[in-house]
Every structure is written in structure tokens, then in C-alpha cells.
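Before any comments, here is the structure.
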2 protein chains.
Amino acid sequence: MTATRQLPHPARDEIRIEAVLQALADPVRLQLVRELDRIGVGVACGSIALPVGKSTRTHHMRILREAGVTRVEPHGTARITTLRREDLDALYPGMLDGILAAKR
Amino acid sequence: MTATRQLPHPARDEIRIEAVLQALADPVRLQLVRELDRIGVGVACGSIALPVGKSTRTHHMRILREAGVTRVEPHGTARITTLRREDLDALYPGMLDGILAAKR
């Protein structure tokens, strides 16, 4: 069993508001973030039901990770995704709650 | 003197979070919103200094208006732009303050 490799993430002070907003501006990515927030713990990204195929899902997960919205950590051969709520709340207090208050 | 025509705006309940985030995800538009928030009253859009030409400015103003972020009202032959803070704060409490807390 080969361990899954580490993926790059921006440090908290490298996170840019434009990239975060761009990442959250897509309905599928916003749905992913809602689910991660609702679940509250790390999940295997494939466990969240989405109306898209695997490669599109992978694309969206990458956008969220690279923007600093999510953290994706290897766990054996799986990858566990968590919402970087602590970082986002520290950088942009109230933003995420405000966005998640939006009616669907 | 011909009065400038009314421009279309989404009503509060027509504003979509994805469009708002997309509108705010651009550095020039975010700068415009920062300035509108700082000034706090309606301004002629041309009075805000931006590092772009007139047609690009017009494009950015349109994106913000159509997303529901700003209101643009004719005032004689001029157009006065205001931030729709009351609508945004009601729909997404804390979002705008969180975004504007971002370091530049």
C-alpha cells in the first residue's frame, strides 16, 4: 500500500480574498463547502453527493484547496478534506457564515 | 438636456450569492466596492480612481449592478452609484464586512 502524497496548500497569510471568492462563486463548489461545514469533520471527498462526474469533482476540489478554502490530507490511500474555517474566520470574520446564510 | 435612462437592477430576492461572489472576486471591482463603502454615499462612478480605462470601468460597474452589489441611479445626465449594503447585509449577514476586512 503506497501512501497518498501530500498536496500543496497556501499558508494562512498566502490566502488571497479574490481566490477565495472565485472558489466560492461556483454553485457546485458552494454546495461542497456547505456540506463540509454541515459535517464539521474531515471527509473523503467522494462521500459528498454532487451532480457532477469524478473528473469535474476533482477539478472543483483542487480549486478549493488551492484557494485555501479546504485542506486535503492523505490518510493511507484516501484523502480527507476539511474546511479551513479557522483560517477563513480569522482572515475574513463573518464572511463564511454570511455566505452560508444564502438561500439555496 | 436629456435625462439619463434608468438601468435594470435585481430586486433583493432576485440577488444570487454566486453572482455576488463572482462580482466581488475581481481586484478592480473589489477596489470599487471598498471605495463605495468608505465614501458611504452615492458617487459618480467616474470619481473613483481606478487603474483601468473607461470601457473597462463601465464593464466592471455593469457586473456589480447586475449582481445586485450596487445601485446606479440617473441624476440629471450623471449616474450615481451606491453600494447596496442594506440588501447585502440582510441577505448575507457579516459577509461584506468579512470580505472588506481582507488585507490588500
Problem - Residues that are away from every other protein chain (no Cβ under 14 Å) and in contact with a helix residue (DSSP H, G or I) (Cβ under 6 Å, 6 or more places away or on another chain), drawn from segment A:61-96 - result: A:Met61, A:Thr70, A:Val72, A:Thr81, A:Leu83
Problem - Pairs with Cβ under 8 Å, 6+ apart, first in segment A:22-42 and farther than 20 Å from B:Val20 by Cα, second surrounded by fewer than 19 Cβ atoms within 10 Å (Cβ to Cβ) and among the acidic types (Asp, Glu) - result: A:Gly42/A:Glu73
Exercise for the section: For segment B:4-27, name all the residues that are basic (Lys, Arg) and either out of contact with any strand residue (DSSP E or B) (no Cβ under 7 Å at 6 or more places or on another chain) or closer than 18 Å to A:Ala67 by Cα (or both). Expected result: B:Arg12, B:Arg16
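Run down A:Ile48, A:Ile99 and say which single residue is away from chain B (no Cβ under 14 Å) and out of contact with any Pro (no Cβ under 8 Å at 6 or more places or on another chain). First the steps, then the outcome.
Details: A:Ile99 fails: away from chain B (no Cβ under 14 Å).
The unique qualifying residue is A:Ile48.
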Problem - segment B:46-81, residues that are at pLDDT 95 or above and in contact with a strand residue (DSSP E or B) (Cβ under 6 Å, 6 or more places away or on another chain) - result: B:Leu64, B:Arg65, B:Thr70, B:Arg71
Practice task
Identify the single condition in (1) in contact (Cβ under 8 Å) with a residue 40 or more places away in the chain; (2) of a type in the set (Lys, Arg); (3) closer than 19 Å to B:Val20 by Cα that B:Arg57 does not satisfy, given that it satisfies every other one.
Solution key: (1)
Problem - Residues satisfying the stated conditions in segment B:28-58, i.e. surrounded by 13 or more Cβ atoms within 10 Å (Cβ to Cβ) and within 30 Å of A:Val33 (Cβ to Cβ) - result: B:Val28, B:Arg29, B:Leu30, B:Gln31, B:Leu32, B:Val33, B:Arg34, B:Glu35, B:Leu36, B:Asp37
Problem - Members of segment B:80-101 that are surrounded by fewer than 19 Cβ atoms within 10 Å (Cβ to Cβ) and in contact (Cβ under 8 Å) with a residue 40 or more places away in the chain - result: B:Thr82, B:Arg85, B:Ala90, B:Leu100
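The values are calculated or read from the model by the stated rules, or taken from the named source; none is laboratory data. These numbers come from a predicted model, not from an experiment. Ideal geometry is used to build each Cβ from the backbone, glycine not excepted, and the neighbour counts take in all protein chains shown.
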